[in-house]
1. From the backbone phi of the range 87-100, what are the Karplus-calculated ³J(HN,Hα) couplings (6.51 cos²θ - 1.76 cosθ + 1.60, θ = phi - 60°) in whole Hz, Gly and Pro given as x?
2. Could you give me the ³J(HN,Hα) list for the range 64-77, computed from phi with Karplus coefficients 6.51, -1.76, 1.60 and θ = phi - 60°, whole Hz, x at Gly and Pro?
3. State in Å² the accessible area per residue of the range 7-57; use a 1.4 Å probe, count heavy atoms of protein chains only, and round to the nearest integer.
4. May I ask you to give the percent of accessible area on the chain that is carbon plus sulfur, with a probe radius of 1.4 Å?
5. Taking amide H atoms as placed 1.01 Å from N in the peptide plane, list the residues 5 or more away in sequence, or in a different chain, whose amide H sits under 5 Å from that of V64.
6. Quick one: pull the percentage of alpha-carbon pairs in the chain with a separation above 22 Å.
7. Taking amide H positions as placed 1.01 Å from N in the peptide plane, with prolines and chain starts having none, which residues 5 or more places from R69, or on another chain, fall under 5 Å of its amide H?
8. For V60 and A10, what does the FRET efficiency come to when R0 = 41 Å and r is the distance between their Cβ atoms, rounded to the nearest 0.05?
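The values are calculated or read from the model by the stated rules, or taken from the named source; none is laboratory data. Just so it is clear, the structure is predicted and the values come from calculations on it, not from any experiment. When we count neighbours, we look across all protein chains shown, and the Cβ atoms used for this are built from the backbone with ideal geometry, even at glycine. All accessible areas refer to the heavy atoms of the entire protein, side chains included, with ligands and DNA or RNA removed. Shrake-Rupley method; radii C 1.70, N 1.55, O 1.52, S 1.80 Å.
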Amino acid sequence: MLTTTFGALADPTRLAIVGRLSRGDATMGELAEPHRITLPAMTKHVGVLVDAGLVTRRKVGRTVVCTIRPEAFTEVEDWLGDLTAYWNSTVDRLEELLRGGGDGT
């Protein structure tokens with residue numbers, strides 16, 4: 001699923017859509033406006049995000065409203081947390097070596 005998430009977010013427009021939806025629900029028109037793209041093009045972008053499980057959409061009358069699924073980002077958060085822990089421990093070991101406190105292994 002992580003590769004699907006990153007694949008969906010690899011496009012700058014889709015990344016911006018997720019950023020916008022992180023501030024609240026939006027209609028397809030509201031999402032399309034800052035990108036100056038057609039509604040059919042926005043529908044395709046949102047469809048990729050929906051297929052990846054990052055966004056939901058629902059019809060309210062004749063309007064389609066999109067909502068972010070924050071729980072879908074848990075795997076990304078966990079992955080980034082693991083990377084952060086790794087790099088923090090690596091930097092800590094390097095600092096210790098530079099201070100002369102390590103045995104060099």
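1. 5, 4, 5, 5, 5, 4, 5, 4, 4, 4, 5, 5, 7, x
2. Couplings: 9, 10, 10, 9, 6, 10, x, 5, 6, 9, 4, 5, 5, 4 Hz.
3. I get 54 Å² per residue for the range 7-57.
4. Roughly 57 percent of what the probe reaches on the chain is carbon or sulfur.
5. It is M28, by chain and number.
6. Considering the chain, 44 percent of its Cα-Cα pairs are separated by more than 22 Å.
7. Counting only residues 5 or more places away or on other chains, the set is V55, T56.
8. After rounding to 0.05, the efficiency reads 0.85.
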